[in-house]
Each structure stands twice: as structure tokens, then as C-alpha cells.
Amino acid sequence: MISNFIKRAALAALALGFFAALPARAQELDLSYHHPVLEDYFAPASAAPATPDEQGFIRRWSLLEPIAKPEIRTNAIFDDTYLNTEFAKIYFPEQMTIVPKDGQKVKLDKKTKLAWHCYDSQRYNVKLYRFATGLGLHPTEALFLAVTVVNVPEDMTVRMSVGSNSGSKWWVNGEEAILLSGDRRMVVDDCVSRKITLKAGRNVIRGAVINGPGMSDFCIRFLDMAGNPVTNFTVTNQ
Amino acid sequence: MKKIELSLIALLLTALFALPAAAQIGNVYIHDPSTIIKCDGKYYTFGTGSGGLMSEDGWTWTDGAVRTGGGVAPDVIKIGDRYLVSYSAGYPGTEGKTRGVVTTMWTKTLDPESPDFGYSEPELVAWAGDDEDCWAIDPAFLMGPDGRLWCSYGTYFGAIRIVELDPATGKRMPGNKAVDIAIDCEATALMYKDGWYYLLGTHGTCCDGVNSTYNIVCGRSRSVTGPYLDNMGRDMLQGGGRMVLSAGNRATGPGHFGWFIEEEGVEKMSFHYEADYNRSGRSVLAVRSLLWKNGWPVAADPFKEGTYEIESERRGYSLELAVDFVRQAGGMRAFRINPNDPVVELEEQKLEEVIDRWPAGEIGVRAGDYMFRPHQKWTVTAVPDKGGYLGAPYYKITIAGTERALAATEDGELTAVPEFTGADEQLWRIEQLTDGTFRILTKVACKCGKQKALVSTGDSTVALGEFDFSSDNCKWNFRDR
């Protein structure tokens, strides 16, 4: 996450002439590169159930196109109170119950309709910034909503391990599991929930990630009581 | 007018002595300092912008270092008899965005007064597209044990990358491809020690004054291109990193690590604090000793002035005045005790009970088993107006409650003079070593040019000699007990 402060510092640097011209000799170099596209980060979710990766990360998620939050000028505002207030806001009636289908749309207001996209992340983490840019949408100053379904063979006592950039909140079967507060970077096993029970069968995981300037992403896995990744379950989008 | 001048001087002196002993003095205002480097006896560091700081002794800093090119967050390394300087700059990309580039340039000396001073044309060695998962800023050099030259760069926006440079030209090695080695950090640095490559990164929030949460973390790898894992086995590409230094000591936001090796066993880390509470919350240069614990770098705490037992690492005996051991009243109280007798706290021996028995002139110094007696308690006090060395001022070491000061004699022996006068032979350089012990050096250098160390020549005998990190004779602990 490049914080707003960095952005401001960069602008100040530009104003002060800290940024120099490209060295003359560099003009002769080939500076071409691969421009990132959605497919570098995501693939459409297949019909078959997915499994977590070797490290237990859940890669299949339904992601809602970003809800614009232009009022977020800085990530420094992400304290517990702010995030709890923001994550309690309801933008559409079925927000806390929907298990969306790919392409399903929700209506935020008279002008705004957003679509859900069911993807498998190509990486252990879900790059929300690239999800947005890949769809040609504004990637920053945004609230991202995510849903997935975890199918377990029997009742399992686990902890949910989350890293997110920036603040986020996560619910398991409608119960709040964990809040990640502050101007936070995504770190594997950054925050881990109290013990929760995944009941045999279908469990709905729901999350909200908010960010101002900079990149957004998250990674989630379940850990057993010894701290080892849990992998014996499937992941679907329904 | 003169009155005003005197008042100003008094004000400046007040400000100087109000600063904690751990802070550098002079003009220490810098952001994103490069690794501190020595050139022709002077210390240099360059920051964001065009300038830099220089110091004669590593303690008192002035502006005056010169770097061309502008840009942000430079680094510098000495290769052969030349200095390779790198900085990052930007140039317009698409849609008004800025593309980061890393450049290198050479100079024969860092001394701007030297006729040899002057930078070569900058060469572009690394870059990232304006929509790539990388922003090519904050370069840092590493000369590997095999003579290969590496440069890491990047910031929070995407990955930290590493590229190989040609140490002869400072240019990118032909065909070399950048490798991602970390995420979620910036202001990286690289070290190589004992078969491990270390990647240091700055996590947290920059550029927010007293609220900046910048902190320095570390991972290590057997290969320079990673994977760099932290102490939990977590890859820095997954955000891993073991803490080296976070906020504290009235300063927030340590970042931009630099590694300086004085000699074997004596290592320093340079960095900036985003905000120094004693200096209006400004961004300042800082230096700490660097310790190594179980193969991991750890920032030493600043040396705290105070009253200590000075314990030899050799046997555990302690530095003391060569005076009579004055017995305290009372003998053995173990036998035939009535358990119902009241228990009372005994008083420790007081200075006034023994000081009159000490000679008035110079007193010899030796080591003995510690009994927390007045002749074994030393007060260590910074003397910041007497100069210093990289990261700290000189100290006076006096018997607690007196001005009797530890001093070097003209013939290189140890003594305790009755009064501290501020003379150079009464000033001491105290540095924490990589293993956590300390060395204590004279300010006065011998004819050989070296500062002599406090050395145990026997369990109970202390003299001045050459510092040798491999010997416990040269190591001391400051204990508060």
C-alpha cells in the first residue's frame, strides 16, 4: 500500500525537482515491458470445486466490483472505530446474505450497479487492485466485498488467518470472525481469529476490504490448533 | 549585541545538552540516508534531494556533501578506489504517471573540495513500467563474497526487486533479469554475513511525522536472489520479516537501514527517524550499534548513562579502585539464629564511610569480585561537546558520587584521577559489540594511531592494550545490580 503520505511526498518531490530527467544514454535502451492484464492474476472459476493450495490459501472468491469511496484521502483514518462503522454500512439489502453467481448484479443506488465476478486467483493472495484495473475500474479509494464457500467433511475447529491491505473484516456463517485495523500491509498470518467451528458441509466466508491510495489485496487460510494450514476441504462459489 | 550573542550561545548550549546522548549533533536533518561511508577520513551520507551530510568524527554532522542528479533515496558503495553512487529518479510515463528508474554514477572521491571530485554521467540500471507491480526507487548495493555486485530496489507498490550490476562499469549485467524478492516494504538494504544474505526492508507508514509507523525488518537467504525467509520461515514475498528496529527512545519511524563495519565485532547501523521528538519531530540521521543474535541482526539500545558495575567478560570480576576493602559490621549470621528474631534490612556501604580512607591523589585501577561497594560503582556520563565517534559521544567514567575519573596515563596504563577535567585522556569511547558485550577505548590514540582498549591482563589486573574481538579480555559489561 502506498499510503497517501507517500503519494503526497512524491508530489512534493516532484514539485521540488527531486525527480530527474531520464539519463540521455537510457533513451537508447529498450524500456518495453509486459503491461499487467487481468489474466496475470485471475482465471474464471471453473465448474469443479476447488481446493486450497498447498499452503492452505483459499484462491476461489466471488468479488464485487469496487464500491467507490472517494472520500478516503488517506489511509491514516483506518482506526478500529472508523472501520467498524464502515464495515457496518449496508450498500444493498442482501449484502450480508448473498452468495452471488458470476455476473450477478447488485444495485447500490439509482445510478450504480455493480457486478460480481467469480475467479480463481493465480496467486496465494487475491490482488484486488489488479481485479479492478483488469476490469478497467478505478482501483483505489474503494471498498471491496468478497464471498466464498468452504465445504468441510466434518465439524472442524480452526482459526482463520488473514492478511489484508488495508483494513478488513471477515465473517464466517454470518458471525464476525476478525477485524484487521490500521493502515495495514498484507502479511501472511498477520491476524488470526479466535477458535471457530466450521460445521460439516457448507460454510459461507464473507469479507470486506477497504483502502485509500495504493494497492489492495488479501490472503486467507485456516490453521489447525497447532498452527498448521488446513487443506482437507473444497471451495465453491455456491 | 554581545549580550544577545552570549544569550544565543547559551541557548544553543542548552539545546545541545538537552538532547539525549544517543542523538547525533550538528546538522542531522536528512531523509532516506544512504549507507554511511568513509572517504579520506570523513564520513558521508546522502539523502533525498541533491545534498548530503558529512562528519569528521561520525558524531557531529554538517551539510556540505554533494551529489548530483537529485532524485530520491541514494546509496553508495566503494569499489576499488572509486565510489559508485546510485539514486532513483522518475520520468513521465503514460497518462501522467511517473516511471521509476534507478541510475548509477562514479566518483573518485566524495570530498567536494578534492580536485578528484566529480560524478560521471548517470547510467540507467533498472526501471519499472508505470503500471507494473513495482516502483523502481530506493536502490541499495551489495558486494557479494564472490565479487558480484547487486542492487535491490522498490517500494510498497508491488515487489522489491534485485538486479546484478557489473562492478567494473556500474552498469547492468548484460542479459540480467530482475527478480522479485519481497513485497510490502521499501528502503531495502542487503548484507552478507556468515554464509547468509540478509534483506532488510522498511515496513509501515512513511512521511507522517510522529505518526509514521516505519520499522525495519529482515529476512535471510542462502542465495542472493532469495527466497528471503524470516525467523518463522515466512517468505518476504509473503510479507515476512523479523523486527530489527521500531520506534522508541522518543523517536518514531526508523527506516533506510545502512550497514557500517568498523572492524571485526564492531558494526553499526545507520538509518533515519521519521520524527525526533527532541528536534521538533523532524527527520534525522541516527546510528546504533548492530548486534547479532542467533544469526539475526538486532539494533542495540542506545547506551544509557548511569551508574554501573563494569564487569570483565574474562572472569566476571569488576573494575574497581585499588583501595582497601572496608569490611562492613557484622559477621556470619547463619548459625544459632532464633527464627523469631525480627528481620531487618541491612544498609549498603556508603561512599562517605570509606572515601576518607582513599588516597587524595591518583589511585590505581584493578578488577575484583563485585561486592557493590563504593569503589566498584562507576557513573558513566556523556560529554557531547568533546566530540565523538560514529553514533555516540565520548563519555567520562567516574566513581559514583565523586568526580574521580578513570584516565589513561602518559605511558599507556590506567589510573583514576581525583578530578575530571575534560582532558582527552579522561574521555572514553564505549561501543556495544556484535555479541552484546562492550569495548571501552581511550579517546587518545597511541603513536600507532589506534585508540587503546581497556584490557584484562589478568583476572584482577586491567591495563590498556589493543582491542581484539576474539578475546574476552577486551570485553566488558555494564551491569546495574
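What does the structure give for B:237-246 when I average, per residue, the other chain Cβ atoms found within 10 Å of the residue Cβ?
That average works out to 3.
How high is the relative contact order of region B:23-299, given as a whole-number percent (alpha carbon pairs under 8 Å, six or more residues apart)?
Contact order relative to length: 13 percent.
For peptide B:122-130, what's the mean number of Cβ atoms from other chains within 10 Å of each residue's Cβ? The partial results should precede the final answer.
On the way: counts 7, 4, 9, 3, 0, 5, 2, 6, 2.
The shielding value for this peptide is 4.
How much net charge surrounds B:E311 when only other residues with a Cβ under 13 Å from its Cβ are counted (Lys, Arg +1; Asp, Glu -1)?
Around B:E311, the charge tally is -1.
Ranking request for peptides B:179-185, B:227-233: highest mean number of other beta-carbon atoms within 10 Å first, then the rest in descending order. Intermediate values should be presented prior to the final figure.
Working: B:179-185: 24.6, B:227-233: 17.9.
Highest to lowest by the protection proxy: B:179-185, B:227-233.
Need the C-alpha centroid separation for region B:326-363 versus region A:180-221, integer Å.
Computed from Cα coordinates, the inter-centre distance equals 63 Å.
Given +1 on the Cβ of Lys and Arg, -1 on the Cβ of Asp and Glu, and no further charges, what dipole in debye does region B:102-259 carry about its Cα centre, rounded to the nearest 20?
600
If you put +1 on each Lys and Arg Cβ and -1 on each Asp and Glu Cβ, how big is the dipole of chain B around its Cα centre, in Debye rounded to 20?
My answer is approximately 260 debye.
For helix B:2-18, report the angle its Cα long axis makes with the longest principal axis of the Cα atoms of chain B; keep it between 0 and 90° and round to the nearest 10°.
90
Show log10 I(q)/I(0) for the protein assembly as shown at q = 0.05, 0.11 Å⁻¹, two decimals, from a solvent-free Debye sum over equal Cα scatterers.
-0.32, -1.13
Show me the ranking of peptides B:325-331, A:116-122 by mean Cβ neighbours inside 10 Å, starting with the highest.
Details: B:325-331: 9.1, A:116-122: 20.7.
Ranked by mean Cβ neighbours within 10 Å, highest first: A:116-122, B:325-331.
Any chance you could check the Cα centroid distance between region B:249-265 and region A:51-66 for me, in angstrom?
Cα centroid of region B:249-265 versus Cα centroid of region A:51-66: 40 Å apart.
Output ³J(HN,Hα) for region A:110-115: one whole-Hz value per residue in order, computed from phi by the Karplus curve 6.51 cos²θ - 1.76 cosθ + 1.60 with θ = phi - 60°, and x for Gly and Pro.
4, 9, 10, 10, 10, 9
List the residues whose amide H sits under 5 Å from the amide H of A:V187, counting only those 5 or more places along or on another chain, with H placed 1.01 Å from N in the peptide plane.
Sorted by chain and number, the residues that satisfy this are A:S164.
Could you tell me how far the Cα centroid of region B:453-475 sits from the Cα centroid of region B:144-199, in Å?
The distance from the Cα centre of region B:144-199 to that of region B:453-475 comes to 40 Å.
From other protein chains only, count the Cβ atoms within 10 Å of every residue's Cβ in B:183-191, then give the mean. Write out the running numbers ahead of the final one.
Values: counts 7, 9, 1, 2, 0, 0, 0, 0, 0.
Counting Cβ atoms of other protein chains within 10 Å of each residue's Cβ and averaging gives 2.
Find the relative contact order for region A:4-236 and round it to a whole percent, using C-alpha pairs within less than 8 Å whose residues are 6+ positions apart.
It comes to 27 percent, rounded to a whole number.
How would A:M96, B:M54 line up from fewest to most surrounding beta-carbon atoms within 10 angstrom?
On the way: A:M96 14, B:M54 22.
So the ranking, lowest neighbour count to highest, is A:M96, B:M54.
How high is the relative contact order of chain B? Use alpha-carbon pairs under 8 Å, at least six apart in sequence, and give a whole percent.
10
I need the peptides B:66-74, B:245-253, A:32-40, B:276-284 ranked by packing, meaning the mean over residues of other C-beta atoms within 10 angstrom, with the highest value on top. Write down the numbers at each step before the final one.
On the way: B:66-74: 22.9, B:245-253: 20.1, A:32-40: 12.4, B:276-284: 18.6.
In decreasing order of mean packing, B:66-74, B:245-253, A:32-40, B:276-284 become B:66-74, B:245-253, B:276-284, A:32-40.
Just so you know, all these numbers are worked out from the coordinates, no wet-lab data involved. What you see is a predicted model; the values in this text were computed from it and never measured. When we count neighbours, we look across all protein chains shown, and the Cβ atoms used for this are built from the backbone with ideal geometry, even at glycine.
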